[in-house]
1. Does region 3-103 classify as rounded, prolate or oblate by the C-alpha gyration tensor (a ≥ b ≥ c root eigenvalues; a/c under 1.5 gives rounded; else a/b over b/c gives prolate, otherwise oblate)?
2. How long are the three semi-axes of the equivalent ellipsoid for the chain, computed from the Cα gyration tensor as the root of 5 times each eigenvalue, in whole Å, largest first?
3. Lys/Arg Cβ at +1, Asp/Glu Cβ at -1, dipole of the chain taken about the Cα centre: which of G224, L191, H66 is farthest positive-ward?
4. Take the alpha-carbon centre of region 1-63, take the same for region 120-157, and report the distance between them in whole Å.
5. Using θ = phi - 60° and the Karplus relation 6.51 cos²θ - 1.76 cosθ + 1.60, list the HN-Hα couplings for region 264-272 in order, rounded to whole Hz, with x at every Gly or Pro.
6. What per residue convex hull volume, in Å³, comes out for region 106-234 when only alpha-carbon positions are used?
7. From the phi of every residue in region 83-100, what ³J(HN,Hα) in whole Hz does the Karplus formula 6.51 cos²θ - 1.76 cosθ + 1.60 yield, where θ is phi - 60° and glycine or proline is x?
8. Report the charge-dipole magnitude of region 63-209 in Debye, nearest 20, computed about the Cα centre from +1 at each Lys and Arg Cβ and -1 at each Asp and Glu Cβ.
Amino acid sequence: MTVPLSEVLATVDRLWPLAGAEPWDAPGLVTGDPGASIGRVLFVVDAVAATVDEAIESGADLVIAHHPLLLRGVTSIAEDRYKGSLLARLIRADCALVAAHTNADVVESGTSAVLADALGLTDVSPIVPGVDPARGLGRVGRLPEPTTLGRLARRLAEILPATATGVRASGGFDAPVETVAVCGGAGDSLLSDPAVRAADVYITADLRHHPASEAREQALLGGGPALLDVSHWASEWLWLDRAAAELRAAHPELDVLVSELRTDPWDFQVVQ
């Protein structure tokens, strides 16, 4: 059975409301005819050559990507440029593309909430609540039992898919940890938030040198958390299964797939 893309888009907006997206974001329909019939959907973190190949080869009619392909404006979609090439291939294959980005981060079952669930956190709440206090950026909660930073880092490495960069830690291996703040994707903008400052550890991705260094120095004075820095892709990949399950529940007539391709941009690292 098939469903009009317009109906799937209505469901996407119900599950991950566009109104919840950050002002700078670009979620929603990127390419596709709302009147087209959809039978198979592929969830991915990134719309890149490998996942577009996968979508076309699997016969998908729709790709739902976490990261918007056109987040930053372009002036050309010529096919000698990768964004133009991907869009042309999707259009020729009659495969639509939708992005669910920060609008999928803030909901109760969004990227950070899924990561918090995987860690078994309790008493979970957003780091930055929205109008609805159950929704917002990031999550903070408590571990069922206290542990150490080193053990938590190892647990995190077991939960997340393997990547070249793994899990990087700032703090003592045996430092006690109970309160945990998490933000899937790039989260250094939340380092100064009171909920993060009050946590024992902050788990996020893409931590840059200066924000991480400043947070570490502040923590040495007793005013901030230890840090666990993970792959951006890995921190959000866990959400795909939850999102796919929600779409299947809304449209059992659809064949909903989750990509297991690693689209983290790093291939290897050399440890000195």
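Readers should treat all values here as calculations from the given coordinates under stated rules, not as data from a laboratory. Everything numeric in this text was worked out from a predicted model, so none of it was measured. As a convention, Cβ positions derive from the backbone with ideal geometry for all residues, glycine included, and neighbour counts pool all protein chains shown.
1. Working: a/c = 1.73, a/b = 1.10, b/c = 1.58.
In terms of gyration-tensor shape, oblate.
2. Details: eigenvalues 237, 79, 55 Å².
Equivalent ellipsoid of the chain: 34, 20, 17 Å, largest first.
3. Working it through, the farthest residue towards the positive pole turns out to be G224.
4. 29
5. Values, residue by residue: 4, x, 9, 9, 7, 9, 10, 8, 7 Hz.
6. On the way: hull volume 11.7 nm³, N = 129.
Per-residue hull volume (Cα only) is 91 Å³.
7. Working through the residues one at a time gives 5, x, 4, 5, 5, 4, 5, 5, 5, 5, 8, 6, 10, 7, 9, 10, 10, 10 Hz.
8. Values: 14 positive and 16 negative charges, 90 e Å.
So the dipole magnitude of region 63-209 works out to roughly 440 debye.
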